[in-house]
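The values are calculated or read from the model by the stated rules, or taken from the named source; none is laboratory data. Note that this is a predicted model, so its numbers are computed, not measured. Here the Cβ positions follow ideal geometry from the backbone for every residue, glycine too, while neighbour counts run over all protein chains shown. Surface accessibility is based on the protein's heavy atoms, side chains included, excluding ligands, DNA and RNA. Shrake-Rupley method; radii C 1.70, N 1.55, O 1.52, S 1.80 Å.
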Amino acid sequence: MADEDEMNPRMCVVSRQSFEPDQLIRFVAAPDGSVVPDLKRKLPGRGVHVEARREVVELAVKRRLFGRGLKREVQVGADLPDVVDSVLERSALGFFSLARKAGAVVTGASRVDAAVRSGAAIAVLHARDAAPDGVRKIDAARFAVAAMEETEQIPAYRPTGSGELGLAIGGDNVIHAAVLAGEAGAALVKRLEALAGYRGESTVGRASPAT
C-alpha cells in the first residue's frame, strides 16, 4: 500500500497550498501523543505538513491545526517552533562536521578569504558572535568575485555561535568558514539554507547581524 506522501500532494495544513518536499516540515504524533518534527520524513504513521517557516509553524500551533491534520488528540507544546529550530540547527551542525571530515570546509579568516577569491567556495559561514570587521572583509571578497565574474554572490550563513561551530568539528571556536564545492559541501549548504529559511534570514548581500 502506498504511504500518505505518495497518495496525497504535500499540502501545508496552514495555507492549504502545495509545496515541494524541501519547502515543508513533516510532523507526526509520538507514542505519547506529543507532536514532533520528522525532518527525514521516515517516521511511521499519519503525518501533517507545515511550510518550513517559523511563523507558519507558530500559526499551526496557535490555530491548533495539528490534531485536525493528524486526526487524533495530540499534545502540542508552545515551544514547538523552538524545537524545530533546534532540530534544524543540529542537522546543519551534523553536516558541518561531515563536510569538514570530507575536506569540504576550511576555517580561519585568511583561508576563507582565499577560498572565496579563488572561486573554490560555494558558501561562507560566520559565527553569530563574529566581529563585524571580520564579516565585512569576507563580504568584500564575496562582492568582488561576484562583480568580476558577473554572477550572484555566494550565500553567507550565521547558523550559531563560534563555540557551537567549534564543537561540531571537535576543535577550537570557529569564527569564519568556507564551504567548498562537491557532494559534501552541497549537502551542508542544503541544511544551512533550510535553517536560514526557517528563521527568515537573508543569505544574500551582507550577512544578517547577530541576534
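Roughly what % antiparallel, to the nearest 5, for the DSSP beta bridges in region 88-211?
Just about 80 percent of them are antiparallel.
What's the carbon and sulfur percent of region 1-105's accessible surface, probe 1.4 angstrom, rounded to a whole number?
On the way: 3070 of 6270 Å².
Ligands and nucleic acids excluded, carbon and sulfur give 49 percent.
Just to be sure I understand: with springs between alpha-carbon atoms less than 10 Å apart, which residue in A140, A168, A115 has the highest mean-square fluctuation in the Gaussian network model of the chain?
Taking springs between Cα atoms under 10 Å, the residue moving most is A140.
Just the Cα atoms of region 21-84: what Rg and Dmax do they give in Å?
10.4, 27
Counting alpha carbon pairs within less than 8 Å and at least 6 residues apart, what relative contact order, in whole percent, applies to region 115-158?
Working: 38 pairs, mean separation 24.2, N = 44.
Relative contact order comes out at 55 percent.
If R₀ is 22 angstrom, what is the calculated FRET efficiency for the pair R136 and S110, using the beta carbon separation as r and rounding to 0.05? Could the numbers behind the result be given before it?
Details: r = 15 Å, r/R0 = 0.68.
After rounding, the FRET efficiency stands at 0.90.
Within region 96-115, whose backbone N sits under 14 Å from a point 7 Å along Cα→Cβ of A181?
Only 115 pass the distance filter.
For region 47-163, what is the accessible area per residue in Å², given a 1.4 Å probe and the full set of protein chains?
On the way: 5850 Å² over 117 residues.
Roughly 50 Å² per residue, with all protein chains present.
Give a quick list of GluC sites (Glu not before Pro) in region 13-97 that DSSP marks as loop, anything other than H, G, I, E or B, with at most 16 other Cβ atoms within 10 Å. Let's see the in-between values first.
Values: sites: E51, E55, E58, E73, E89; in loops: E73.
Filter output for region 13-97: E73.
Would you mind estimating how fast region 65-211 diffuses translationally, via Stokes-Einstein at 20 °C and 1.002 mPa s with the Kirkwood radius over Cα pairs, in µm²/s? Let's see the in-between values first.
On the way: Rh = 15.9 Å.
D = 135 µm²/s.
If one computes the Cα centroid of region 174-204 and of region 96-161, what distance in Å separates the two points?
A separation of 10 Å, based on Cα centres.
Place a point 7 Å from Cα of D22 in the direction of its Cβ. Which residues in region 34-64 have their backbone N less than 17 Å from it?
So the set is 39-41, 51-53.
Relative contact order for the chain using alpha-carbon pairs under 8 Å, separation at least 6, rounded to a whole percent? Provide the component values of the computation, followed by the final result.
Details: 344 pairs, mean separation 43.2, N = 211.
Relative contact order, the chain: 20 percent.
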